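Any read-out appearing in this document is the output of simple, stated calculations on the displayed coordinates, not a laboratory observation. All values derive from a computational prediction rather than experimental measurement. Virtual Cβ from ideal backbone geometry, glycine too; neighbours counted across all protein chains shown.
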Amino acid sequence: MIPISRRGFLAGTAGFLVTAAARSAVPGTGARKLVVVIARGGMDGLSVTPPIGDRAYLGLRGPIAVTNALPLDADFGFNPGLGNFARLMAAGQARFAPAVAIPVRGERSHFEAQDLLENGGGRLHAAESGWLNRALAATGAEGIAAGPDTPLVIRGPAPVGAWNPSAPVAVAPPRVTSVLQQLYGGDALLGGALAGALEVQGETQALGETGGRRANDLRGFGGAVARLMRAPGGPNVVAVSQLGFDTHQRQGANDGLLFSRLKQLDDFVGGLEAGLGGGWSDTVVVVATEFGRTARINGTGGTDHGTASTALLAGGAVRRGGLIGDWPTLAPARLFEGRDLQPTLDMRALLKGVLGEHLGLDRAVLDTQVFPDSAAIAPVRGVCA
Amino acid sequence: MPSQSLNAALAVTRFGLGGRPGEIALAARDPAGFLLAQIRPAGADQPGLPDDGLGPRMALFYQYGERLKVLRAARKAAFDAAEAARGPDAPAAPYAGPVNRKGKPRLGADGERLIRPKKDAGVAELHALVVADTRARLRFAATTPDAFRERWAQFWINHFTVGSRKAQNAMLSAAFEREAIRPHAFGRFADMAAAATHHPAMLMFLDQVRSVGPNSRVGAARGRGLNENLARETLELHTLGAGAGYTQGDVTEFAKALTGFGLVNRVRHPERAGQFAFNAGAHEPGARVVLGRRYPEGGQEQADAVLAALAHDPRTARHLATKLARHFVADRPPPALVATLERAWLGSDGDLATVAAALVRAPEAWAPAAAKVKTSYEFLVSCYRAGGMGADGEGAAPLALERLGQEMFSPPSPKGWPDEGGAWATPTGITDRLRFAGGYAASLPAADPAAVAETALGARTSPALATALARAANRTEALTLLFMSPEFLRR
């Protein structure tokens, strides 16, 4: 049996030679680690980092305003569920962009907006693979999807692994999988998926993971992902989905639904930090959502699909600093279409800044391959050490 | 032109749900005719349980809700009483009693069993019902001789997605597909769209029951407002399709027209509890303009007129022609096929029997190469059709489907289950299928792998696969290879 790694499969498939060439021109990511969390459903930035100093905030949100925020400064706090983020912020290891958005305005469909967030295009249906997958292709870094699904952001021609710590570790005899690898030889989609599955299976078995972790133990999940990242040959790049941010009714940012979602996110990051140990100083975690929510409370104690939201950065490789991008304020005249937080930053500018400074991707690759036709969008500077 | 035996295999695997014993041979006489004979005006089959209609299910839904309310109030009262007894200044005593698996108290301080509202209200019984619904549908899909008819129904069930991870909502999905989708599977699209949009399961799934016209009598009195979910998804997912040129203004206008669509007030009319009702008091007054067309002030007929216009819109024809071609033939469907389906749709005013026949008759649909990756549902059902449901198959089937990432009645979003190969052929997906295939193969010890391949794939079995089956170390490994082969995973 010939062990085929994701890279081996990649280099051995004619269509992917271009990525092998790109890799030789760009240094690998070394010890640098990147974790991308896609918060699905439209995460309400005004509850994640409540703008407690904005004069319009309480009036717009009424009974669902966050009133017990963890204090940050006179302008912003963190949701009470985000204790780790608040602590990291104070330590210079977290930042946030308070009003970031995908490039297309007025796209209030979850599905289209998530596609855009994840495929990195400048308009709808511009790309079929994910920007993180194309970043992997350009750097040669190893990437996996962690959790029960493989998000679009990391899907694409560069083969990636996948690991669901809640599922039992797969057991198929090597005799069977090696024959399947031959049968999939002419099938890039099935071949890449199998190669990714087998490589991660080997790595997690080597760590003694037996599977069956409780799916709602996000701190444990973060720790398990961290151990896999630290293991020899483990992935440097991880993509994770978190569901459940579509808070149309009874939003519960103080102590209800949204609070517990954010607490889970915070637990995941806490677990990552603890599990990575010294590796935390080489790590950046990005949390992004497809859109924010309406500035004003709706008729059912929640908020509807909006435009700009908060994006979070955390990790030892984050550079100490203040807001990323400007705060547009919630003044009535400043609201987008009179209802949503106005974007002040293109999501791609933030992501390009992270990928450039942290993973060493050069500007030309970012402008053309990772985020197609985005030369006009300058990366933000000074976000990563 | 591909051979008749290959076309028979394509008829059964690409249009159907995978071969059962003798099915491909049956189709070989006239593969297209085999499929056309499954189209019938009466609609799709009704594979469900006897009591999965709306009436019994809504009765359970309300009963569960009432119990939950009572139990939650009782729990709060018990908690408040305990707090009061302790006194305002007493420090909270650390709990030292027995705990459950999750470390939460199992008994109250005085040794009494704590109230657990969901459990005590009977959520387990509702779950059991959802499992029984799932089992009934999988059993039917695994055994029906008319698998194209069932595939066609499944397409529309997924198109008008309802569902939930909550058992009390998931159990309404059975009633939804029985009443809104299956009868209309080969009827007019406009009728199916109307039935789906009026069905209580949809009205609840997309929050329409909570939407109130801000200037309506109810809205003004209670300060409640619009919820745009149903309006948006109807435009984006059910009819015109994303990017079809409608605006946020169209969504809001349609949402206002839809206000009043809801359920019967069951306090006033208990005999009709759970049925659709138009609640005039919640309807936003005024004329509406949607997609440039004006709809005069009115009641239920206002939104019905918008919905009818959307169903007959040529953009809807294009959207559905593309989606059907993508589902049955290729992620990037041949433009000629899309055009054929679009013409059939427009020429028949969205008659789904005509569109289904056009799909079967289109040469592009019979391309020999299998471009599509099966969804997990299609994968599981095709395994069962090839090898039978096995010793405990019927009992294990719902869980098997869940472990393959496609728990029935729990789609990931209103968009339904994804249709592109990239969403299923992921490392996670392959791992899940490998795990299932190994276990399922081991449950079929007496099966001859070559014969199962002939049953399942017929002439689509490649020489490489036949060689691999012949060389495998044992029957279980051979069957695992068969179920995991590119020919079997694709269709």
Segment B:376-489, convex hull of Cα, quarter of hull surface, nm² -> 7.2 nm²
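Using just the alpha carbons, could you tell me how many Å³ per residue the convex hull of segment B:206-312 encloses?
Numbers: hull volume 10.4 nm³, N = 107.
Normalising the Cα hull of segment B:206-312 by residue number yields 97 Å³.
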Between A:A215 and B:A442, Cβ-based FRET efficiency (R0 35 Å, step 0.05) works out to 0.85
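Relative to the Cα centre, what is the charge dipole magnitude of segment B:265-378, using +1 at the beta carbon of each Lys and Arg, -1 at the beta carbon of each Asp and Glu, and rounding to the nearest 20 debye? Can you show the working numbers first?
Details: 15 positive and 12 negative charges, 57 e Å.
Approximately 280 debye in magnitude.
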Relative to chain B, whose Cα atoms define the longest principal axis, helix B:335-347 and its Cα axis are tilted in degrees, nearest 10, by 60 degrees
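Would you work out the relative contact order for chain A, in percent, from Cα pairs under 8 angstrom that are 6 or more residues apart? All intermediate terms of the calculation are to be shown ahead of the outcome.
Numbers: 862 pairs, mean separation 106.6, N = 385.
After rounding, I find 28 percent.
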Across A:185-194, the residue-averaged tally of Cβ atoms belonging to other chains within 10 Å stands at 6
Of the candidates B:N474, B:A425, B:S382, the farthest towards the positive dipole end of segment B:376-489 (Lys/Arg Cβ +1, Asp/Glu Cβ -1, centred on the Cα centre) is B:N474
In whole angstrom, the spacing between the Cα centers of segment A:208-243 and segment A:343-372 equals 26 Å
Reduced to Cα centres, the span from segment B:363-388 to segment B:276-293 in Å works out to 44 Å
Length gained if B:Q63 through B:A367 is fully extended, taking 0.36 nm per residue and subtracting the Cα-Cα distance, is 104.2 nm
Segment B:244-258 and segment B:3-19 have their Cα centres apart by a whole-number Å value of 43 Å
Links exceeding 19 Å between C-alpha atoms in this model, out of B:K69/B:K166; A:K263/B:K119; B:K166/B:K256, come to A:K263/B:K119; B:K166/B:K256
Partner shielding of B:222-233, as the mean number of partner chain Cβ atoms within 10 Å, equals 3
Segment A:316-356 scanned against label point 7 Å out from B:T252 along Cα→C-beta; backbone N under 20 Å for A:330-343
At q = 0.14, 0.17 1/Å the base-10 log of I(q)/I(0) from the Debye formula over the alpha-carbon atoms of segment B:140-270 is -0.71, -0.98
Nearest 10, in degrees from 0 to 90: the angle of helix B:54-86 to the longest Cα principal axis of chain B is 40 degrees
Rounded to whole angstroms and listed largest first, the alpha-carbon spread of segment A:324-385 along its three principal axes comes to 40, 27, 12
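Could you work out the Rg to Rh ratio of segment B:160-234, with Rh taken as the Kirkwood radius (inverse of the mean 1/r over all Cα pairs)? Spell out each step's value before the answer.
Values: Rg = 14.1 Å, Rh = 13.4 Å.
Radius of gyration over Kirkwood radius for segment B:160-234 works out to 1.06.
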Around B:A357 (Cβ within 12 Å, Cβ-to-Cβ, excluding B:A357; K/R +1, D/E -1) the net charge comes to +1
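Can you give the direction-averaged projected area of the convex hull of the alpha-carbon atoms in chain A, in nm²? Show your work: numbers first, answer last.
Working: hull surface 70.7 nm².
Averaged projected hull area, Cα only: 17.7 nm².
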Distance in nm between B:Q4 and B:A339 label points, each 7 Å along Cα→Cβ, equals 3.2 nm
For chain B, the longest principal axis of the Cα atoms and the Cα long axis of helix B:189-198 enclose an angle in degrees, to the nearest 10, of 30 degrees
Averaged over residues of A:294-301, the number of beta carbons from other chains lying within 10 Å of each residue's Cβ is 4
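Using only the Cα atoms of the protein assembly as shown, construct the convex hull and provide its projected area averaged over every direction, in square nanometres to one decimal. Present the calculation step by step, with values, prior to reporting the outcome.
Values: hull surface 148.1 nm².
Mean projected area for the protein assembly as shown: 37.0 nm², to one decimal.
Would you please put A:201-213, B:306-318, A:302-314 in order of how densely packed they are, using the mean number of other Cβ atoms within 10 angstrom per residue and starting with the highest? If you can, show how the numbers build up before the last one.
Numbers: A:201-213: 15.1, B:306-318: 19.5, A:302-314: 27.2.
Put in order of decreasing packing, that is A:302-314, B:306-318, A:201-213.
Given an 8 Å cut-off on Cα distances and at least 6 residues of separation, report the relative contact order of segment B:206-312 as a percent.
Numbers: 183 pairs, mean separation 28.4, N = 107.
Once normalised by length, the contact order is 27 percent.
As a test of understanding, state the convex hull volume per residue of chain B from its alpha carbons, in Å³.
Numbers: hull volume 90.6 nm³, N = 491.
Considering the Cα atoms of chain B, their hull volume per residue is 185 Å³.
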Most packed first (mean Cβ within 10 Å per residue), the peptides A:347-358, B:36-47, B:324-335 order as A:347-358, B:324-335, B:36-47
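Once Rh is set to the Kirkwood radius over Cα pairs, what Stokes-Einstein translational diffusion coefficient, in µm²/s, holds for segment B:280-327 at a temperature of 4 °C and a viscosity of 1.567 mPa s?
Details: Rh = 12.3 Å.
This corresponds to a translational diffusion coefficient of 105 µm²/s.
What's the extension gain from A:Q249 to A:L58 if we count 0.36 nm per residue and subtract their Cα-Cα distance? Don't skip to the end; give the middle numbers.
Numbers: separation 191, 0.36 × 191 = 68.76 nm, distance 1.79 nm.
Result: 67.0 nm gained on full extension.
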Taking Cα pairs closer than 8 Å and at least 6 residues apart, the relative contact order of segment A:334-385 in percent is 38 percent
